[in-house]
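Below: the structure, in structure tokens.
The values are calculated or read from the model by the stated rules, or taken from the named source; none is laboratory data. Everything numeric here is computed off the predicted structure, so don't read it as measured data. Ideal geometry is used to build each Cβ from the backbone, glycine not excepted, and the neighbour counts take in all protein chains shown. With ligands, DNA and RNA removed, areas are computed over all heavy atoms of the protein, side chains included. Shrake-Rupley method; radii C 1.70, N 1.55, O 1.52, S 1.80 Å.
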Amino acid sequence: MIAQHAMTAPRRRMLAVAFPRWTAECARRTARRQGAAISPDAAVLVVTESHGVRTVHDCCRHAASLGVMRGMSLLQARAICSGPRTELPHMPERDASMLRACAVWCQRYSPITMLEPSAGIPVVLIDITGCERIHPSEPALELQVRRAMHARGFTARTACAPNAAAAVALATARHAPHAARTIDACPVRCLRLDRKVIERMHEVNIRRVGDLLRCTRASIASRFGAPTLLRLDQAFGRTEQHIAPLRPRPLPAVERIFDGPVAALDALQFATQELIGELCVQLHALERGAREIELVADCADAPRWTRRLVFGAPSANARHMMGMLAPSLERMKAGLGVERLRLAALRMGRMMRQEALGEWIDTLCARLGDGAVMRCGLVEDHRPGRASRWLPVLRHGFDLRATAQAVRVRVVQAWRPSLLLPRAEMASVEVGSGGSVRWRGECRTVLSWHGPERIAPPWTAVGAMAPAEGGDFWRAQCADGLWLWLRRTSDGWMVLGSWS
Amino acid sequence: MAGIPDEIRQRAALLVQSSSASLPALRCTAGKDSHDRRSDGASDELPLELGVVHEWMWRESTRHATWTVPHGVMIALCWRMLASASDGRVAWIGRHAWPVPRACVRSDGSRQLLERSLFVDPGASSSCDERIWAVQQSLGCDGICAVVFDGSGCAMVASRRLQLAAARGDGRPAVLAMAVRPWHERLCPSAAATRWAVAPAPPTTQDAALDERGEVPVWQAELLRARGALAHAVGQCTHRIEATWSWSGASDRSDASNACVDMRHDVRHDVRGDLRGNRRPQP
């Protein structure tokens, strides 16, 4: 059984994503989000201060190409960067928070991701074991990850290997995406060793892992210590490395347990208000707003009562939440009373500036229905009636720009009316010069005809097109200035819309 | 036409000045002839006052169940509003007032109007209470810079409520409020600041730019009523807003396949100097 299990066990594969300029790129991204105008060709210097001395903690690739190095004094860096330059403060907590957010974001590639703290530079590890059917190939996946990070303003190096240590070593060693893929060629610093140990290795001209492998295990242990052997074994898969997968943070939740069943509405409202206040404090601490909240009441002698609310925009406004929950509390059937109240934020989002807009959406949806407020998404379709779709804001969010798919949709470059009639209307038409259109009891002289434009269904939707959507379409310019959008059928002419 | 005679120009200018105090909704430029307006270039200013309700009607000769909404002018004005309001959304309330989404996209690919638009469906109930309530909520929301709504069946009391909601005040950002109503309601009382009639502009052979104007839909909005204005200001002048639907970028206008549709956003307005007779414009 053991042998069979070993045969069927998937081959372990780890993907390491290293960020050599993480601090500088985080600082630049944050500054831009806060509205700072940083020119693309400006050198970004992340500055730290210690004992009154200001030094460069990190710099962007452009500054590094000019000769700026980490640890350099700020005055020296300023002298080197004579062009446009931006100096930003070092904020390690923000960098760590963003790295964790990045690792959580990477869970779209695999459910198991983790951070590697001892690599020298920030590294996110992704366990892609068993994901072969989802991702076409490892090089393609690496390219996809690098492109995604580049789109977000981060330089990333990637490497795949059978274990975490090897993947980290390859990713941190690589200066170009397609450099050597063997651990032997990696510098010894990629084994995540102590700096003093590395210096001792350099003294005896051991610079790469391959040089180290020429030594016997006994000499390595005696010269450089047991941790070096452990790192070496981990890199070659002889020893398992303990990895701690990143677990999502628990969602903010608060609860109140009463001494006995509470049936008074005032008391329940007061308790709910307090719970909302506590939840909002947690949300503010996380710098997030709730997109969806759930209030659960455990009732005595009655089934559990649950009310779930979806907000149009992330909200951490206690007054607004209470306003949305209050009508539900009045309708609650609590039996003998409520024994416990629990309020949780099921979904969260980054707080937006337009908090008033979110409250407006919620107010309208609470009265008119969840689908009352919509936004419009374009669809690549020649048929005017199908060139768009309506998306409820509560489900899809109200920021159309947030969806990358919306940007990719191309608009059909053709003439389309500004008004489409709800249904086609019959018209009697005389074509030719001096022709006329009789529509809605009014006869209009036509100055010019434009068309026909033949609109056919896409080959994927044969049979699905309504009869009024395809055919030969004409534009008629009437003498009174009105433009009509007409379709010619075997039964006659139909007016479908106009430019109004 | 070389231009309007100096006497008429001066009288028109005087008329606008005298009525400007009571007619704050319009910042009119006097004495511009329709022929030389195009070369004159349009100003980027919104030709309507913010914080009040403006009513718009499509001029129709017969009454239909599906009345026409002047979407072209609405879209042009919303584009103009977005240009001045860096952060704000446009609310389209009532399915009848919703434009064709394709018309909200410029030929240069700019989709700002569509991206910043939110469409409210108050339901298909015959009562307009829900619709008016939704409009009132929208006018009170600071995140919304323009509201275009279906104002059909809106009674005087409701329109007054909306007028008060549109005023906002307290240093909050002003809102552009536009109601679209059917033509058969043109005589209904309303508290709206202005009432406009929109109609397609017929191509004129006298127009020097016939080649350009004759090939694209052009709309003209005529002021029917301005609340608080001097009687003669409306009676003797015709305030016009003109919007043009153009296919910019098309080398050959007859070639529809190469053309890209765009709205001309140069909403223009002028005071036609029909001052020789004291004739009121016919609605």
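To test your reading of the geometry: what angle, between 0 and 90 degrees and rounded to tens, separates the Cα axis of helix A:355-368 from the longest principal axis of chain A?
Orientation of helix A:355-368: about 50 degrees from the principal axis.
Per residue, how big is the convex hull around the C-alpha atoms of the range A:290-336? Give it to me in cubic angstrom, could you? List each step's numbers first, then the result.
Numbers: hull volume 3.2 nm³, N = 47.
Dividing the Cα hull volume of the range A:290-336 by its residue count gives 69 Å³.
Leaving out ligands and nucleic acids, and using a 1.4 Å probe, what accessible area per residue does the range B:61-132 come to in Å²? It would help to have the intermediate numbers written out before the result.
Values: 2370 Å² over 72 residues.
For the range B:61-132, the solvent-accessible area averages 33 Å² per residue.
Would you please give the residues with an amide H less than 5 Å from that of A:ARG21, counting only those at least 5 places away or on a separate chain, with H modeled from the backbone geometry?
Excluding prolines and chain starts, which carry no amide H, the hits are A:THR155.
Hey, can you grab everything whose amide H is under 5 Å from the amide H of A:ARG54? Only 5+ residues off in sequence or another chain; H modelled, so Pro and N-termini drop out.
So A:ARG54 has HN proximity to A:LEU74.
Multiplying the sequence separation of A:ARG214 and A:ASP233 by 0.36 nm and subtracting their Cα-Cα distance, what value in nm do you get? Mind dumping the intermediate values first?
On the way: separation 19, 0.36 × 19 = 6.84 nm, distance 1.43 nm.
Stretched out fully, the A:ARG214 to A:ASP233 stretch lengthens by 5.4 nm.
On the accessible surface of chain A, probed at 1.4 Å, how many percent belong to carbon and sulfur atoms? Don't skip to the answer; put the middle values down first.
Values: 13970 of 26010 Å².
Accessible surface attributable to carbon and sulfur in chain A totals 54 percent.
If amide hydrogens are placed 1.01 Å from N in the peptide plane, which non-local residues have theirs closer than 5 Å to the one on A:SER418?
A:SER498, A:TRP499, A:SER500
Convert each backbone phi in the range A:486-500 into a coupling constant with the Karplus relation 6.51 cos²θ - 1.76 cosθ + 1.60 (shift: θ = phi - 60°), then list the ³J(HN,Hα) values in order as whole Hz, x for Gly and Pro.
Taking θ as phi minus 60°, the curve returns 10, 10, 9, 10, 5, 7, x, 9, 10, 8, 9, x, 7, 9, 10 Hz for the range A:486-500.
Can you run phi through the Karplus equation (6.51, -1.76, 1.60; θ = phi - 60°) for the range A:269-284 and list ³J(HN,Hα) in whole Hz, with x for Gly and Pro?
Along the range A:269-284, the couplings run 5, 5, 5, 5, 4, 5, 4, 4, x, 5, 5, 5, 4, 5, 5, 5 Hz.
Full-extension gain between A:HIS396 and A:HIS242, please, as 0.36 nm times their residue separation minus the C-alpha to C-alpha distance.
Values: separation 154, 0.36 × 154 = 55.44 nm, distance 3.98 nm.
The span from A:HIS396 to A:HIS242 would gain 51.5 nm if fully extended.
When the accessible area of each residue in the range A:475-491 is compared between its chain alone and the complete protein assembly (1.4 Å probe; ligands, DNA and RNA ignored), which residues differ by at least 10 Å², being lower in the assembly?
In the range A:475-491, residues shielded by partner chains: A:ARG475, A:GLN477, A:ALA479, A:ASP480, A:GLY481, A:LEU482, A:TRP483.
Along the Cα-to-C-beta direction of A:HIS202, a point sits 7 Å from the Cα; which residues of the range A:59-77 have their amide N less than 15 Å from that point?
A:70-71
Heavy-atom accessible area per residue, the range A:8-248, 1.4 Å probe: how many Å²? Write out the running numbers ahead of the final one.
Working: 12720 Å² over 241 residues.
Ligands and nucleic acids excluded, the figure is 53 Å² per residue.
Using only Cα atoms, find the angle between the long axis of helix A:226-235 and the longest principal axis of chain A, and express it within 0 to 90 degrees, rounded to the nearest 10.
Result, in degrees: 40.
Ballpark to the nearest 100 Å², how much total accessible area do B and A bury together, probe 1.4 Å?
Working: alone 13710 and 28400 Å², together 37390 Å².
Buried: approximately 4700 Å² between A and B.
Could you order A:GLU255, A:GLU430, A:GLU93 by accessible surface area, starting with the largest, using a probe radius of 1.4 Å?
Details: A:GLU255 80, A:GLU430 115, A:GLU93 135 Å².
If we order A:GLU255, A:GLU430, A:GLU93 from most to least accessible, we get A:GLU93, A:GLU430, A:GLU255.
Round to the nearest 10 and give me the degree value, 0 to 90, for the angle of helix A:138-151's Cα axis relative to the longest principal axis of chain A.
It works out to around 70 degrees.
Checking buried surface per residue: for the range B:133-176, which residues lose a minimum of 50 Å² accessible area in the protein assembly relative to the chain alone (1.4 Å probe)?
When all protein chains are present, B:TRP133 each give up 50 Å² or more of accessible surface.
Provide the FRET efficiency to the nearest 0.05 for the A:ASP184-A:ALA64 pair, computing r from the beta carbons and using R0 = 30 Å.
Numbers: r = 27 Å, r/R0 = 0.91.
My answer for the efficiency is 0.65.
At 1.4 Å probe size, with no ligands or nucleic acids counted, give the accessible surface of A:VAL123 in Å², nearest ten.
The accessible area of A:VAL123 comes to roughly 0 Å².
Between A:ARG11 and A:ASP472, what is the spin-label point distance in nm, taking each point 7 Å from the Cα along the Cα→C-beta axis?
Simple spin-label model gives 6.2 nm for this pair.
When all protein chains stay in place, what accessible area (Å², nearest 10, 1.4 Å probe) is found for A:THR445?
70 Å²
Ordering B:ASP142, A:ASP381, B:ASP129 from largest to smallest accessible area (1.4 angstrom probe), what's the sequence? Display every interim value, and only then the final one.
Working: B:ASP142 65, A:ASP381 25, B:ASP129 100 Å².
From most accessible down to least: B:ASP129, B:ASP142, A:ASP381.
Would you please name the trypsin sites (Lys or Arg not before Pro) within the range A:215-304 that are DSSP coil residues with at most 10 other C-beta atoms within 10 Å of their C-beta? Write down the numbers at each step before the final one.
On the way: sites: A:ARG217, A:ARG223, A:ARG231, A:ARG238, A:ARG256, A:ARG288, A:ARG291, A:ARG304; in loops: A:ARG238, A:ARG304.
Answer in residue order: A:ARG304.
Using only the heavy atoms of the protein chains and a 1.4 Å probe, how would A:ARG423, A:ARG438, A:ARG347 rank by accessible area, largest first?
Details: A:ARG423 170, A:ARG438 120, A:ARG347 95 Å².
Sorted descending by solvent-accessible area, the residues read A:ARG423, A:ARG438, A:ARG347.
Restricting to DSSP loop positions (anything but H, G, I, E, B) with no more than 12 other Cβ atoms inside 10 Å of their own Cβ, which GluC sites (Glu not before Pro) remain in the range A:302-396? All intermediate terms of the calculation are to be shown ahead of the outcome.
Details: sites: A:GLU330, A:GLU339, A:GLU355, A:GLU359, A:GLU380; in loops: A:GLU380.
Listed in order of number, the matching sites are A:GLU380.
Kindly write out, for the range B:75-82 in residue order, the coupling ³J(HN,Hα) from the Karplus curve 6.51 cos²θ - 1.76 cosθ + 1.60 (θ = phi - 60°), rounded to whole Hz, with x marking Gly and Pro.
In residue order, the calculated couplings are 5, 4, 5, 5, 4, 5, 5, 5 Hz.
From Cα pairs below 8 angstrom and at least 6 apart in sequence, can you work out the relative contact order of the range A:57-129, rounded to a whole percent? Let's see the in-between values first.
Numbers: 55 pairs, mean separation 13.4, N = 73.
That works out to 18 percent.
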